[in-house]
Each structure stands twice: as C-alpha cells, then as structure tokens.
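Sending over a structure as structure tokens; questions will come in a sec.
The values are calculated or read from the model by the stated rules, or taken from the named source; none is laboratory data. None of the values given here were measured: they were computed from a predicted structure. Backbone-built Cβ (ideal geometry, glycine too); neighbour counts: all protein chains shown. The protein model used for the area step is the full one, side chains on, heavy atoms only, and it has no ligands, DNA or RNA in it. Shrake-Rupley method; radii C 1.70, N 1.55, O 1.52, S 1.80 Å.
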Amino acid sequence: AAGAAAKDSGPPNPVWPIKDKENFVTVPFAYGSVAFWQGKRAAEFQTHKWHVYVRGANNEDLTHLIERVIFQLHPSFNNPTRVVDTAPFHVSELGWGEFEIAIKIFLHEGPEQGLELRHMLALWPKTGEPSMKRAVVSEKH
C-alpha cells in the first residue's frame, strides 16, 4: 500500500486522513494510468491517448499535502520531465508504446528528496482485443 506521512495541519474531514498516536497522518493515495485506444484509423505513433496520475485513494484533494509531482516520461517525448505543481496531478499524452514512468512526489512537509515511485504504462488489455469502449487501467494504492 502506498502512503505518505506528514505532520497534521488539519484534516479535510473527520475521517480522512488517518491519524496515529504520534499525531502523524497516513494518507492513502493511488497512482497509475488509464489508456484509451484510438482505433484502427489512428496515426501510427498515436494509437493511444493516455493519462498518468497521482490522486487520493478515493479521489480526495491532495493539494494540502502535495507540493508537486514530477513525471519522467520516455526520452522520445518532447519535454519528457513534466512538473505538475497544482491539482490534478496528472499528465496526458498520445503515444504507441508501453514504458516505465518514474513518479516523484514532493510533500509540503516531507523528505526533501521526495517519494519516488515507478509505474509501467499499460496501453493494451491483458486479454482480448483492444476496444475504443473500454479503457486500460493500471493502478496501485
């Protein structure tokens, strides 16, 4: 389970985030990607529209905890280092290949080096044919 700990500066609601005995909070979050096949008529190198993201596990607003997120895309993309410093913390692109994306999360109050995660972009369904009606979702919590 992925989570980030930071000193509590006031919870957004009484149930979330989870507070421990030392007054630290654990914030459940999700990171991953969703990809949409563009169909048989798509350009050769733009077969999918995809989004990679970091969000609250139940879509909670993480703005009060996250200062910025850096997404490191494949070097073949223009500007492969994407810095997102406002919610929603995501990047959208068009592409054709699957690759590993490095995700670095910087908290307002947290380790200076940030929290580093790796996510494998999934474009194609594990079974069956690609469909324009069903997105391919790959997510971890």
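Tell me which of these Val137 doesn't satisfy, since it passes every other one: (1) open to solvent by 90 Å² or more (accessible area, probe 1.4 Å); (2) touching a residue at least 40 places away in the same chain (Cβ under 8 Å); (3) not acidic (Asp, Glu); (4) not in a strand (DSSP E or B).
Single failed check for Val137: (4).
Does region 48-63 contain any residue that is modelled with pLDDT of 95 or more and over 13 Å from the mean Cα position of the chain (by Cα)?
yes
A quick yes/no check of all residues on (1) more than 16 Å from Ile103 (Cβ to Cβ); (2) open to solvent by 20 Å² or more (accessible area, probe 1.4 Å):
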| site | (1), (2) |
| --- | --- |
| Gly39 | yes, no |
| Glu44 | yes, yes |
| His48 | yes, no |
| His51 | no, yes |
| Asn58 | yes, yes |
| Val69 | no, no |
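Could you check region 112-129 and list, in sequence order, the residues that are open to solvent by 70 Å² or more (accessible area, probe 1.4 Å), within 20 Å of Glu67 (Cβ to Cβ) and in a loop (DSSP other than H, G, I, E, B)?
Glu112, Gln113
Considering region 88-123 alone, what residues qualify as being touching a residue at least 60 places away in the same chain (Cβ under 8 Å) and farther than 22 Å from Asn59 by Cβ?
To start, the set of residues in region 88-123 that are touching a residue at least 60 places away in the same chain (Cβ under 8 Å) comprises 101, 103, 105, 107-110, 115, 117, 119, 121-123.
Hits for region 88-123 are Glu109, Leu123.
Given (1) surrounded by 15 or more Cβ atoms within 10 Å (Cβ to Cβ); (2) modelled with pLDDT under 95; (3) farther than 16 Å from His141 by Cβ, where does Ala35 come up short, assuming only one miss?
(2)
Given (1) closer than 15 Å to Val27 by Cα; (2) of a type in the set (S, T, N, Q); (3) in contact (Cβ under 8 Å) with a residue 40 or more places away in the chain, where does Ser131 come up short, assuming only one miss?
Ser131 satisfies every listed condition except (1).
Restricting to region 107-128, and then to whatever is more than 13 Å from the chain's Cα centre (by Cα) and under 30 Å from Phe24 (Cβ atoms), can you tell me which residue is modelled with the lowest pLDDT?
Going through the qualifying residues, I end up with Gly110.
Just the residues that are open to solvent by less than 70 Å² (accessible area, probe 1.4 Å) and either out of contact with any Asp or Glu (no Cβ under 6 Å at 6 or more places or on another chain) or of a type in the set (A, V, I, L, M) (or both), please, taken from region 99-110. Even if it seems obvious, please write down each step before you answer.
Narrowing region 99-110 to residues open to solvent by less than 70 Å² (accessible area, probe 1.4 Å): 99, 101-107, 110.
Passing the criteria: Phe99, Ile101, Ala102, Ile103, Ile105, Leu107, Gly110.
Ser131 is checked against (1) under 14 Å from the mean Cα position of the chain (by Cα); (2) within 15 Å of Val34 (Cβ to Cβ); (3) of a type in the set (Gly, Ala, Ser) and fails just one. What number does that condition carry?
(1)
Output the residues belonging to region 71-98 that are open to solvent by 70 Å² or more (accessible area, probe 1.4 Å), hydroxyl-bearing (Ser, Thr, Tyr) and more than 19 Å from Glu112 (Cα to Cα).
Ser76
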